[in-house]
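Comments concern the structure below.
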Amino acid sequence: MKNFFLLLAAAALAHAAPAAKAKAPNSGKLATVDAVRAAESRQPEFYERVEIPTPAGEVCEVSSIALLPGKKVAIGTRRGDVWVAEGAYEADVSKVKWTKFASNLHEPLGMFWKDGSLFATQRPEHTRLTDKDGDGRADSFDTVCSKWGISGDYHEYAFGSDPDKNGDVWMVLCLTGSFHAHSPWRGWAAKITPEGKFIPVASGIRSPGGIGHNDKGDFFYTDNQGVWNGSSSLKWLRPGSFQGNPTGNKSAALANFPAPPEPTSGSRILAERLKYPEFVPPAVVFPHGKVGNSPSGVSCDMTKGKFGPWEGQMLVGEQTASQVQRVNLEQVNGLYQGAVFHFLGGFEAGLIPVRMDQEDGTLFIGGSNRGWGSRGSKTFTFERVRFKGKVPFEMHDISARADGFEVTFTQPVDAAAAADVKNYTMDAFTYIYQSSYGSPEVDQATPTVKSATVSADGLKVRLVVDGLVRGHIHHLVLGDIKAKSGDALWHNEGWYTLNEIPAK
């Protein structure tokens, strides 16, 4: 069978022939594998990671996860099976019981339960699966929508979301072979109404790895490094928007949709989006090789503290590094932007779906390393993560200001250390926006932290920065900063995508 993980990462070319890297300022302080693994060694202080046994003798490359009534959990696999687990929430997961619910689906990459049925977005269609006779197996398979094209190419995947407040399912469609649009609507996002109507909502997509919404109901997807994508990123699917890759523009003629832009290769995203108001830049760029290589599933923490102090933040899977990254978002001048931080790691294969139980506070993840290797000792995995109640000392979020940034912490800081500007190092860069594959880091700058003012409660530090660069990723590294309690930082760096600088 075709290599599955040419899907989610950035296609095999990204791994076999990665874009050249330009050395950035302060490169000695950039994240290293050793630093990330050192942080992972502290993870058990804060989070419990448990591997859930999958059905014996089965190859369960988990591609989607759905939560069912009665604390049951369904997984869809790359090979097209759907299994339902009982006992996945229990302390002793060795007693988990699995029932095969369905077979012969075509790579389901998005599932949810609604009104007594399981809905799955698979490569050729969005399908409703129902167990009408109550024997635990689906016996009714109804096509809700199949209005997009497939050619048989390995890369023409379809990722589907949970329904939005109107009941519509959002989906993103990979390009053909990651470089072409040989089938209708390849490189587009669309909505599927409960009645099965297909509504295109955004163009310019390349190689999605997952889709989900934030706490405001706005939808985002992850796109992977490649042509017209200098690095991977989390992107906002604003209705009517162009996401940056013109390969699929020809499908606009299939419906009453305005013709998307034809941008100039070799430019910069800032320059091109200023020409085209419909061009929505990436909300948060994930610097290639530093944050990860292949972002995947997307879930928002709306657990009201059951998963830690991250309410409203986005949790994003990472296939290559077998991690979950954390993203804080804000809107400035009508655009989303924000920071990405390293968060959870040590998973046993490359992550695909990321599913939060918002009531319980349990994070379920699944994945595979088929086709493109990943960290971990297994070829596939199904795991859960729970917060243990101890809040780590972390940068909770980074927020842009007219003359710098404000950093909020999860615990009060030691005021003397946090007020010392020598404890803050920053570099900034961007990527070439081009039709060739990926990009080195370019246009490097070295913004200087001129002052650091600690709030009265010790939870915020206001950084005045000389040399902010609109459109650049600003990489902030913290030095010898501890909590007032003496706790050390769990992770000491973040990457903020500065699409817009707030007005004074």
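Laid out as a table, the results:
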quantity	calculated
Output for region 139-164, where each listed residue is surrounded by fewer than 17 Cβ atoms within 10 Å (Cβ to Cβ) and hydrophobic (A, V, I, L, M, F, W, C)	F141
In region 100-120, the residues that are acidic (D, E) and surrounded by 16 or more Cβ atoms within 10 Å (Cβ to Cβ)	E107
Residue in region 374-398 that is modelled with the highest pLDDT, counting only those that are surrounded by fewer than 19 Cβ atoms within 10 Å (Cβ to Cβ) and among the polar types (S, T, N, Q)	T379
Criterion violated by L459 - all others in (1) surrounded by fewer than 20 Cβ atoms within 10 Å (Cβ to Cβ); (2) within 24 Å of A483 (Cα to Cα); (3) out of contact with any Phe, Trp or Tyr (no Cβ under 7 Å at 6 or more places or on another chain) satisfied	(3)
Filter result for V316 (touching a strand residue (DSSP E or B) at 6+ places or on another chain (Cβ under 7 Å) and under 19 Å from I352 (Cα atoms))	yes
Segments classed as strands (runs of 3 or more DSSP E), wholly inside region 191-247, with at least 1 members that are of a type in the set (K, R)	232-236
Strands (runs of 3 or more DSSP E) fully within region 29-79 counting 1 or more residues that are closer than 30 Å to E493 by Cβ and either more than 23 Å from the chain's Cα centre (by Cα) or among the aromatic types (F, W, Y) (or both)	47-51
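The values are calculated or read from the model by the stated rules, or taken from the named source; none is laboratory data. This one's a predicted model, so the numbers in the text were calculated from it and none came from an experiment. Glycine also receives a Cβ, built like all others from the backbone with ideal geometry; neighbour counts cover every protein chain displayed.
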